[in-house]
Amino acid sequence: MKAQPPASHFVDGQPMEDAAGAAFEVIFPATGEVIARLHDATPAVIDRALASAHRAQAEWAMLRPVDRARILRRAADLIRERGEELAQLETLDTGKPIQETRVADWPSGADAIEYFAGLAPTVTGQTIPLGQDFVYTLREPLGVCVGIGAWNYPSQIACWKAAPALALGNAMVFKPSEVTPLGALKLAEILIEAGLPPGLFNVVQGRGPVGAALVSDPRVAKVSLTGSVPTGQKVYAAAAAGVRNVTMELGGKSPLIVFDDASVDDAVGAAMLGNFYSAGQVCSNGTRVFVQKAIKAEFLKRLKARSEAIRLGDPRDAATQMGPLVSQTQLEKVLGYVETAKAEGATLVTGGSRAAQGGGFFVQPTVFADVTDDMTIAREEVFGPVMAVLDFDTEEEVIARANDTEFGLAAGVFTADLARGHRVIGRLQAGTCWINAYNLTPVESPFGGAKMSGVGRENGHAAVEYYTQIKSVYVGLGPVDAPY
Ligand code: NDP
């Protein structure tokens with residue numbers, strides 16, 4: 001089984017290799033097999049990518065937005081036409097079940113490309129009357145944007161960043177996580193096939209130092225990172241040195257609050273989606289599930305039964321509902337959190353071990369109950385299929401406890417009382433919220449975090465703010481009134 005791309009990088013419209021960069025292997029997480037061998041970008045590759053982006057962006061920005069949009073729409077169509085092939089590649093790269101990658105990863109990337117292609121031609125400035133004189137504003141592109149991705153939704157992340165950047169007249173140099181480097185290379189190929197001029201979307205591979213070199217280059221106007229809080233702090237600081245724009249999509253420890261009037265089946269289903277989809281490797285997961293005491297027993301009973309029925313297995317099999325974690329490193333990290341939860345006194349409801357599945361990085365769907373606010377699994381991001389259930393008595397209490405975290409990415413409330421749903425959501429410190437739903441992230445809706453979970457928003461009209469800058473132009477129509 002191989003998924004070797006033509007070259008490690010994609011620069012100035014074509015695949016590019018430089019074997020002088022340190023080699024790394026791409027692993028299929030379900031078996032541990034090596035499926036590709038790539039190289040980190042050398043300084044020469046990074047320079048070529050930035051130089052071509054810089055050159056290409058100047059011409060791209062001069063095009064009519066509808067002309068840019070037409071190319072992007074074609075790219076979205078190509079992604080949909082090749083949906084099956086792309087889903088299979090995503091499954092090899094990430095280990096996620098094909099039943100997920102067929103409907104979630106590339107499809108949501110195609111949605112973003114189509115959405116921003118439609119939106120960009122509608123982006124206009126203002127005219128501001130000043131009596132005789134007036135000011136008009138233009139929304140101009142920023143220039144060369146750097147995108148840096150995490151490994152959990154590699155192709156979706158590449159599309160979510162490239163789509164607004166390109167539609168609004170910028171160029172992008174994208175660095176995937178070295179754990180999942182393959183999808184972004186496909187995106188680069190597809191964009192060229194759709195007619196995107198060379199240089200506007202480049203992919204360079206590598207670990208943190210490659211990202212760090214990109215972020216500090218003077219040709220770069222903006223950095224958009226999806227990653228953990230510690231990486232976000234480093235990247236934000238490096239971007240600040242050059243006073244660059246940023247979007248930071250970072251981690252979370254989001255509360256999902258279930259009141260005792262909620263539909264228990266819906267709440268259980270949402271809690272499972274918000275903890276077990278993509279084997280729990282989703283930043284916005286509702287990993288602190290607060291359940292009101294009156295329904296705790298019933299909630300846990302149904303949750304246990306449904307969790308134990310999840311089909312773990314080969315992610316290439318359409319019947320598989322949960323695949324492995326992305327890497328050995330992530331497996332060890334998640335199992336470490338499971339052991340800590342046991343040691344700290346949480347009650348193991350189900351799971352709690354590595355799952356024996358042919359050499360892959362599988363963990364059983366795991367539920368802990370009686371979790372308290374000070375336990376490590378209630379405070380730190382696990383990024384695996386490990387749900388922490390906490391119980392509560394009152395609305396006031398649960399709001400205070402839900403907000404008692406440095407993170408603020410997402411939050412959810414389940415209740416039959418919609419007034420309470422809105423009231424509680426209004427007081428939760430989180431950027432992306434749901435009432436009687438969880439983890440749905442349509443491209444039309446702005447996505448991002450409060451507090452340590454991030455800066456800026458992806459998707460929706462809100463993203464326009466983060467890929468453009470305003471130019472104000474004062475137009476004088478009368479004589480200049482100088483006192484000299
Ligand atoms: P990391 O923070 O480890 O890495 C993110 C990316 O940043 C990787 O491409 C990484 O490269 C790169 N990087 C690391 N150090 C630097 C540096 N100093 N300068 C520039 N780039 C650097 O995250 P993971 O890949 O482990 O992804 C998991 C994390 O991502 C979780 O915390 C999760 O919550 C968060 N996430 C947030 C989302 C959101 O939208 N809010 C969505 C998805 C995930 P490399 O890995 O090659 O070292």
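Every read-out reported here was derived from the displayed coordinates using simple, explicitly stated rules and does not represent laboratory data. Note that the structure is a prediction, hence the values are computed from the model and not measured. Every residue, glycine as well, gets a Cβ built from its backbone with ideal geometry; the counts of neighbours run over all protein chains shown.
Listing for the model above:
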| read-out | value |
| --- | --- |
| Placed amide H near V363: partners under 5 Å, 5+ positions off or other chain | L325, A355 |
| Cα centre as origin, Lys/Arg/Asp/Glu Cβ charges: region 90-163 dipole, Debye | 60 debye |
| In sequence order, calculated HN-Hα J values of region 274-286 (Karplus, 6.51, -1.76, 1.60; Hz; x Gly/Pro) | x, 9, 10, 4, 6, 6, x, 8, 10, 5, 8, 3, x |
| Kirkwood Rh, Cα atoms: Rg over Rh of region 1-152 | 1.08 |
| Distance in nm between pseudo-label sites at A419 and E84 (7 Å out along the Cβ direction from Cα) | 5.4 nm |
| Signed unit charges on C-beta, dipole axis of region 54-160, positive-most listed residue A112, A69, L130 | L130 |
| Model label zone, A241; criterion: amide N under 14 Å from point 7 Å along Cα-to-beta-carbon; scope region 174-218 | 209-218 |
| Amide H contacts under 5 Å for I35, placed H, 5+ residues apart | V26, I27, F28 |
| Residues K2, K451 arranged by fewest to most Cβ contacts within 10 Å | K2, K451 |
| For the chain, with +1 on Lys and Arg beta carbons and -1 on Asp and Glu, the positive-most of A36, S353, P15 along the dipole | P15 |
| Square roots of five times the Cα gyration tensor eigenvalues for region 343-397, Å | 26, 11, 10 |
| Principal axis box of region 369-453, alpha-carbon based, largest edge first, Å | 35, 28, 23 |
| Between helix 418-427 and the chain: long-axis angle, C-alpha atoms, 0 to 90°, nearest 10 | 60 degrees |
| Semi-axis lengths, Å, region 329-368, gyration tensor of Cα atoms, sqrt of 5 times eigenvalues | 19, 12, 6 |
| Additional length obtainable on full extension of the chain from D261 to E17, 0.36 nm per residue less Cα span | 82.0 nm |
| Label-point separation, T376 to D317 (7 Å along Cα→Cβ), nm | 3.3 nm |
| Residue-wise HN-Hα coupling along region 472-480, computed from phi with Karplus coefficients 6.51, -1.76, 1.60 (Hz; x: Gly, Pro) | 9, 10, 8, 10, x, 10, x, x, 7 |
| Contact order normalised by residue count of the chain, Cα under 8 Å, 6+ apart, percent | 18 percent |
| Cα centroid separation - region 108-183 against region 42-60, whole Å | 17 Å |
| Karplus (6.51, -1.76, 1.60) ³J(HN,Hα), θ = phi - 60°, over region 430-444, in Hz, Gly and Pro reported as x | 7, x, 9, 10, 9, 10, 6, 7, 8, 6, 7, 10, x, 4, 5 |
| Unit charges on C-beta of K, R, D, E only; dipole of the chain, Debye | 480 debye |
| Net charge contributed by nearby residues that have their C-beta within less than 14 Å of S254 (K/R +1, D/E -1) | 0 |
| Residue (of A267, T329, S278) at the positive-pole extreme of region 267-386, dipole from beta-carbon charges | A267 |
| Charge dipole magnitude, Cβ of K and R +1, D and E -1 - region 221-328, Cα centre, debye nearest 20 | 360 debye |
| Cα gyration tensor shape of region 257-363, rounded if a/c is under 1.5, else prolate or oblate by comparing a/b with b/c | prolate |
| Taking M62, M387, M322 and counting other C-beta atoms within 10 Å, the order from fewest to most | M62, M322, M387 |
| Stokes-Einstein D in µm²/s, Kirkwood radius over Cα pairs - the chain at 25 °C with 0.890 mPa s viscosity | 105 µm²/s |
| Local electrostatic count, K161, Cβ distance below 11 Å [Lys/Arg +1, Asp/Glu -1] | 0 |
| Candidates per trypsin sites (Lys or Arg not before Pro) in region 255-312, loop by DSSP, up to 15 other Cβ within 10 Å | R311 |
